[in-house]
Amino acid sequence: MLDAALYSNPSFVRENLGIPGLSAANSAATIALLRQMIATWRQTAVALAVPPNHALPALFDVIMSGLYAQQLEMRKKHATLDVVTHPLAGDGHATVFPYLWICPVCIGSGVHPAQAYLPDGDHRGTRVYARQARLSRPGGRRIGDLGAIVVRLLVESLSIGDPHLTAGGGHRGEFDLVMSSADQIVLGEIKASPLVAFPLVKTSVGSVESHAWHAGTELDGNWWLYVGAADLEDRWIMLTPPADSDDLWPLRDLADAAGSEMLVESLLKAWRRHLEGYRAFNAEVPSTRWQRFGCGNIETVRDGARIQLRVDNTKSLPGIDRTDDIKKGVAQVMLFDRLKKGCRRDAVKTVLFGNLFAETHHEHYLKPIASLRLAWPDHDPVWLFDAIITMSRNIVNDPSIHELLEVESDPYTDDSLDAAAILQELSDDDDTD
C-alpha cells in the first residue's frame, strides 16, 4: 500500500506552476496564455492533418522560444543582456539575441559556419569556446524548470477524465509530475529540453560592417522571431514591439500565431527539417545543424593552423536524448517503482515524460529496457516503465495508461539490437567540454 505520509505531505497537493522570475500574478497569466496557445495549436494541427507526434514536440519548442524571449526581455530591463549586431543589405542592421555561439541569420543565409561564428570567444589553445554568460538563453536549471512546466501543460491537454495533476510530493518533492484519478496514481519523471529555440532579432536602420557585441538595446525598431530553417519567405515572424510594462511579451503574439494555419504550417515544416537533420546527426545540413542545440563543433583552419570552434556540446541534446538524462530518468523511475510493492490494487504507475524521444540514443539506452519488468520475491512482476511519454514517440506498456492519457503507443517490435548503432553511441562523449 502507499505510505499515508505521501498524502499528508503538503507539497503533494501544492499547485506548483510558478514561472521563474515572475510574480505569482504574472505566472498565472502566463500559464493561462500557454493553455490557450496549446488548445489553439492542437486545433490548427488537426485542421492541417498534422499527427500529434510532430505537432506536440514542435509546439514545445515554439513555447520554449516564447518563454526564452520572455525571460531575456526581463533581463534586458535590468541591463544585463549582451546582444550582437549583424549587417543587413542596404542601410540596416539586425540586433540578434543568440542562443548559440553562432549567428543564426548568417546560417540561414548560407554563410559558412566558420564565418558565422561569433567574435570574442574564449580561446584555449587550439579551441575556442562560447562565453555562456553572453548568450541569451537561460541557465541549465531554469531550462529544466521551464521545460517541465511546458511538458506538464501538454500532458494536461492530453488527459482524459479530468485527473488531478500536480508537481512535487513524496519524501522530498521527488516527483516531477503526479497524475491521480479514483483508480490510479501516476508518478512521473520529466526530462525536457528543446531541439531548437527560435531567437529574437530586432531590425533597425543604420549600417554596421561586421558582427560586434553590445550591452543592451533600445525597444524601438521591428521585432521578429527568426526561424532559420523555414522557407526564405517565412523566416521572419513579426512580433509587436515590447513594452516596459508587458511581462507577457511575446507570448500573446505566439498565442495568436497558433491560430494561423499559414504560420503553424510554416513552423511545422521548419521543425520537421530540424528533426530529420538531427536524426541524420553528422550528415545534417548546415542550415539546420547550426541552429539547433547540441550541434557540436566546427573544425576549420585559421592562420594555417587547425582550430576547433565550439558551438554547443551534447549536454544540450533535446528531450530524453542526452545519455546522462536517460540514466538519471531510469534511476528515478526505478525509485518510484518501490511504491508499487504491496499495492494490492495495482494502482501505482510510473512514467518517464519528455518533449522528444531518444531519437539518436534509443538503440542502446532505451530499447533494451523499454519493456523491462521488475519483480520482488513472492510478488508479481511490474513494469519498470508503465509508459514512456515523449510526444514524438510514446511507448505504453500498461493499457490502463490510456484511461488517463489520449496518446498513441509505438512500442518496439524487434528485440534485436543494432550493433553498429550501439558502437556509434558508445563512442559518443556527451559531456565533453
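The values are calculated or read from the model by the stated rules, or taken from the named source; none is laboratory data. Keep in mind the model is a prediction, meaning the values are calculated, not measured. Positions of Cβ are generated from backbone atoms using ideal geometry, with glycine treated the same way; all protein chains shown enter the neighbour counts. Ligands, DNA and RNA are excluded from the accessible area calculation, which covers all protein heavy atoms including side chains. Shrake-Rupley method; radii C 1.70, N 1.55, O 1.52, S 1.80 Å.
What full-extension length gain, to one decimal in nm, is calculated for residue 159 and residue 374 as 0.36 nm per residue of separation minus the Cα-Cα distance?
Values: separation 215, 0.36 × 215 = 77.40 nm, distance 2.68 nm.
Net length gain for the segment: 74.7 nm.
Considering just Cα atoms, how many Å³ per residue does the convex hull of region 298-418 enclose?
Values: hull volume 16.1 nm³, N = 121.
Dividing the Cα hull volume of region 298-418 by its residue count gives 133 Å³.
Of 191/341; 328/349; 202/269; 269/328; 315/349, which sit over 27 Å apart, Cα to Cα?
On the way: 191/341 25 Å; 328/349 18 Å; 202/269 24 Å; 269/328 32 Å; 315/349 29 Å.
With Cα atoms farther than 27 Å apart: 269/328; 315/349.
Give the calculated FRET efficiency between residue 122 and residue 303 to the nearest 0.05, with a Förster radius of 25 Å applied to their Cβ-Cβ distance.
Details: r = 18 Å, r/R0 = 0.72.
The value I calculate is 0.85.
If R₀ is 45 angstrom, what is the calculated FRET efficiency for the pair residue 183 and residue 238, using the beta carbon separation as r and rounding to 0.05?
With a Förster radius of 45 Å, E is 0.40.
So how much slack lies between residue 285 and residue 412, counting 0.36 nm per residue of separation and subtracting their Cα-Cα distance, in nm? Provide the component values of the computation, followed by the final result.
Numbers: separation 127, 0.36 × 127 = 45.72 nm, distance 2.89 nm.
Residue separation times 0.36 nm, minus the Cα-Cα distance, leaves 42.8 nm.
What does the accessible area of residue 334 come to, in Å² to the nearest 10, when a probe of 1.4 Å is used?
Rounded to the nearest 10, that gives 90 Å².
Rounded to the nearest 0.05, what FRET efficiency do residue 46 and residue 334 give with R0 = 30 Å and r taken as the Cβ-Cβ distance? Could you check? Display every interim value, and only then the final one.
Numbers: r = 37 Å, r/R0 = 1.23.
With R0 = 30 Å, the Cβ-Cβ based efficiency is 0.20.
Rounded to the nearest 10 Å², what accessible area does residue 183 show when all protein chains are kept and the probe is 1.4 Å?
Ignoring ligands and nucleic acids, residue 183 comes out at about 100 Å².
Net charge around residue 145, counting only other residues with Cβ within less than 14 Å of its Cβ (Lys, Arg = +1; Asp, Glu = -1)? If you can, show how the numbers build up before the last one.
Working: positive: 137, 141, 142, 152, 191; negative: 176.
In short, +4.
Nearest 20 debye, what's the magnitude of the dipole of the chain about its Cα centre given +1 on Lys and Arg Cβ and -1 on Asp and Glu Cβ? All intermediate terms of the calculation are to be shown ahead of the outcome.
Numbers: 41 positive and 57 negative charges, 167 e Å.
Its charge dipole is roughly 800 debye.
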